[in-house]
Every structure is written in structure tokens, then in C-alpha cells.
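Here is the structure we will look at, set down as C-alpha cells.
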Amino acid sequence: MLRSSLLLVLLSAPAFAQGNFRVTEADIPRLKLIHYFTADKAAHDADFEWTFTDTGFTVKKGKGAIPAHLLDTLLPDGTAADEVTGSWKLADGQLVLSDIKAGKVDGRKDVKLGVFKTAPTVVRINCPHQAVFAVEK
């Protein structure tokens, strides 16, 4: 009886890597892109850059181009760019990107992306496929 009760308690306790970790405004400027996924669910190394400051963001070409799905999310259909900039804020559990520009081209208005933590130091952004970031110290 004691053994089954103990087993039940252990199985119902959350694991350290699970839980409801809240993304905070302090987390966003500390994000470092680790890898990202494409529509075919293939993982890709961080071959482009996506960085954040206290209020802004920059997505730019690195070893590879900015992924098409991210450009389509941020810019008018069919727009190519090597760099996209804008502002960010957290609102209602989403990352809201605004003032988006690629050179002289205006981006989409108030792009809302799902953002969540899967561990205390891992943040995922749906854009619409996931980009995975480490929260650096």
C-alpha cells in the first residue's frame, strides 16, 4: 500500500523540464536563435540571425537566407529581403511585432506570434513554424 502511494505521488509530480514557464519582457532581449523548423518539420541550424533589443528586433541573412516562411509572415507576399527590422512587445501571451520594415518596404501590421517557454532557458516562437531560442544570461 505504501509503495503504491509513493509511486502515485512520484508519477504525478512534475518533472524539472516540464511546467508552465512564463515568457517575460526581460527574456526577449536575451534570446539567441538556436535552430528553427520549416513546414516539412525539418530542423535547421541557425543559418540566419534573429536578435532582439529592449524594444526592437532584427532578422537578417547569415550563412543562409532568411527563411521564406518568416519573410511571408513579416512582409507583403513575395517580398525578398536580407534584413527586416521592427519593434516588439508582449501582449496577451503573444509576441507582437510592429513597425516592420525591409529597407523602404513597409511590413505587415502588428504581427502576432505565439511565444512560450518549454524550459526555464528555452523559448519557442511560432512564425508560423517554430524558431527555438536559448535565453542567455
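General remarks:
- Total formal charge among the other residues, if their Cβ is under 11 angstrom from that of K60, Lys/Arg +1 and Asp/Glu -1: -2
- A compact globular protein would have a Cα radius of gyration near 2.2 N^0.38 Å; the ratio found for the chain is 1.26.
- For R22 and D45, a Förster radius of 22 Å and the Cβ-Cβ distance give a FRET efficiency of 0.20, rounded to the nearest 0.05.
- Extension reserve of the S87-A65 stretch, reckoned as 0.36 nm per residue once the Cα distance is removed: 5.8 nm
- Solvent-accessible area per residue, Å², over the chain with all protein chains present [probe radius 1.4 Å]: 63 Å²
- Helices in the chain, meaning DSSP H runs of at least 4 residues, each add -39500 (n - 2.57). Divided by all residues, the mean residue ellipticity at 222 nm is -3500 deg cm²/dmol.
- Distance between the modelled labels on A134 and T55, one decimal in nanometres: 3.0 nm (7 Å Cα→Cβ projection).
The values are calculated or read from the model by the stated rules, or taken from the named source; none is laboratory data. Bear in mind that the values here come from a model prediction, so they are computed numbers and not experimental data. Here Cβ is always computed from backbone atoms with ideal geometry, including for glycine, and neighbour counts include all displayed protein chains. Quick note on the areas: whole protein, heavy atoms, side chains included, nothing else; ligands and nucleic acids left out. Shrake-Rupley method; radii C 1.70, N 1.55, O 1.52, S 1.80 Å.
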